[in-house]
1. Would you list, by chain and number, the aspartates and glutamates whose Cα falls below 17 Å from the Cα of residue 103, excluding same-chain residues fewer than 8 positions away?
2. Over the chain, what is the relative contact order in percent, taking alpha-carbon pairs closer than 8 angstrom and at least six residues apart?
3. Using only the alpha-carbon atoms of the chain as identical scatterers, what base-10 log of I(q)/I(0) does the Debye formula give at q = 0.08, 0.11 Å⁻¹?
4. Using the Cβ atoms and a cut-off under 15 Å, what net charge is assigned to the surroundings of residue 209, where Lys and Arg are +1 and Asp and Glu are -1?
5. Where in the range 239-283 are there trypsin sites (Lys or Arg not before Pro) that are in a DSSP coil and have at most 10 other Cβ atoms within 10 angstrom of their Cβ?
6. What are the ³J(HN,Hα) values, in whole Hz, obtained from phi via the Karplus relation 6.51 cos²θ - 1.76 cosθ + 1.60 with θ = phi - 60°, for each residue of the range 105-119 in sequence order, with x given for Gly and Pro?
7. Sort the range 24-100 into rounded, prolate or oblate with this rule: let a ≥ b ≥ c be the square roots of the eigenvalues of the Cα gyration tensor; rounded if a/c is under 1.5, and if a/c is not under 1.5, prolate when a/b is larger than b/c, oblate otherwise.
8. What does the convex hull of the alpha-carbon atoms of the range 156-260 project to on average, in nm²?
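The values are calculated or read from the model by the stated rules, or taken from the named source; none is laboratory data. As the structure is a prediction and not an experimental result, all values here were calculated from the model. Glycine gets a Cβ as well: all are built from the backbone with ideal geometry, and neighbour counts include every protein chain shown. With ligands, DNA and RNA removed, areas are computed over all heavy atoms of the protein, side chains included. Shrake-Rupley method; radii C 1.70, N 1.55, O 1.52, S 1.80 Å.
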Amino acid sequence: MPEASPATPTSASKPKSAPQKAMEKLGLVRDIDLALHLPHRYEDETRVTPIAEAREGETVQCEGVVIECRVELRGRRSLLVKMADDSGELLLRFIHFYPSHQKTMAEGNRLRVRGELRGGFFGREMVHPTFKAVSEDTPLAQSLTPVYPSSASLPQVYLRKAVASGLKRAALEELLPPGTVPARLPSLREALDFLHHPPPAASLSMLEDHSHPAWQRLKFEELLAQQLSQLRAQRERARLRAPALRAARGGLHEQLLVTLPFGLTGAQQRVGEEIAQDLARPAPMHRLLQGDVGSGKTVVAALAAAVAIDAGWQCALMAPTEILAEQHFKKLVGWLEPLGLKVAWLTGSVKGKARQKMLDAAASGEAQLVIGTHAVIEDKVQFKKLGLAIIDEQHRFGVAQRLALRKKLASQALEPHLLMMSATPIPRTLAMTYFADLDVSTIDELPPGRTPIVTKVFADSKRDNVIAKIRDEVAKGAQVYWVCPLIEESETLDLKNATETHAELSAALEGKVVGLLHGRMAPSEKAAVMAQFSAGQMSVLVATTVIEVGVDVPNASLMVIEHAERFGLSQLHQLRGRVGRGAVASVCVLLYTGPLSPTGKDRLRAMAETNDGFEIARRDLDIRGPGEFMGARQSGAELLRFADLQEDAPLLKAARELAPQLLDRHPEAASRQVERWLGSKAEFLKA
């Protein structure tokens, strides 16, 4: 049962104060939560600087007696307080103040103030310093004063008391056996005591860059809890049962291989065999299939579906958008229906009798493969024998959505096998942490015939030149994507919008068909536009990022991404992957509006320097951290608050090695470690 925080009311009927509500919002519920709520900076209140010795621009603490306190009414109403010590005088200026402030800082009172010293018109001054009334024998602080992450309704004084109280009560006994903690690191209690109240001589630089041994101990503990949680989830899943799916000799799987209009690459064959071996086991597969854009993940998914259907079970494929789901539907129908398979289509736009027909086909087992969007996991959708669930662009789905698809077979005391696909390659450091519970298959080879994409970066001032190039290309029969970040004008962002750009290009390319595609269009309208573009009846498609994934038009050889500096690196790479899908040499133009931020420069430089999705992923991790790769896996809750995947690789290695030993030999200590650090968040790792 969670420990009560000092801010939690003892009576259910007692209303909560604003600070109590703010603490709950920050997740400060248990004593251990308070103990692990660490300062983001410190103030030095351990020494007093004589007023005359304080330097302008420095934040210092001074002490003296008030010699004048008055309210200034000229200009903006303000409180002016003049104090002095033996060395000089100091003016304190307050624009926001209360009557109680005047009382505390009345003439003759002794004050201790802390703030940035400035040179003012009336001499040295501090604007809105912190202050408190003291006597001549009031002791100085014995340690640096912590400043905690907080909110407007949670004062630091209140939070400091709550944290200090929680730290005293928190159960911080050592859970790890002797000899398992990396050498020269303090105990957890010592580390937390130090970080909450560091002595005056502590190195501020080591505290701020988290390199101090006390920080290292916390990072190791956190990484260990995360690794234990992943390993435990993986072992729990291994105890579950799933249907053992094996392809019949001469059956659907072999027929599909024979009828495909192309041969598989070596990488596709390898990952296909890895998936087939998983499906043949009676434990549920939990595999991530990753591959760069255009690497051929869909055909691998089709072969996996063929194995499941061959064994007498159903397969469901879920995609995040209707455009992507429809692309899968067209490809899989083209490959599988000639072999006698029944494929059902289920999205939010399928209504009435057509929808009921699809629901009946899934429930009766007549539909051997069901393809759709999140509509596939609605309560009304039932399967007779769901053996395999495939989730494309898995990072776009939340934990609850993935769990809902897995539970479609729960009534039979079996779980379906789960294959997740992603065109965003996961860097090794992430695979070792957030995705450590997954088996990962990687397609690291592109199909033959694909031409490299040349990426060019231009300032928006070259826009007319780019449009002239488009005019030349479409005259030769080429097709072009033009991607915009917004649909219509925004008052806050000075960005060209898709509607305006569509009008501009239509006027510039007289006699050519210029289409418009965005997320607010009805599904039927989107389908009509895409059909026209896919058939080659449209020269230019102006679109928002709805074309980021799933769109496959081999004749499209030029892409322009407007305001490229506004997009994330992985998103730029996904968009670029819509061209270069045929034998024609392709170009991606990144138009940017200056001035560029350092991050914007890094993104555009990476795009120009490499087409390698794995290198792009590595650079994206460096630039933005793990959030983009994890997507909704943690439902927005960070599982690593302190550790840095790049800098703390040695600690991660030590945690990975210790986790299985601790789980095998000290299971109770392992459980307490996970509960201490993750609490309910550990559940997110099971999806």
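1. Qualifying aspartates and glutamates at Cα under 17 Å: 68, 72.
2. Once divided by the residue count of the chain, the mean separation gives 13 percent.
3. -0.80, -1.19
4. Its environment carries a net charge of -2.
5. 239, 249
6. These are the phi-based 3J(HN,Hα) values: 9, 5, 3, x, 7, 8, 10, 10, 10, 9, x, 8, 7, 10, x Hz.
7. Oblate is the answer for the range 24-100, as a/c is 1.5 or above yet b/c matches or exceeds a/b.
8. So the Cα hull casts an average projection of 14.3 nm².
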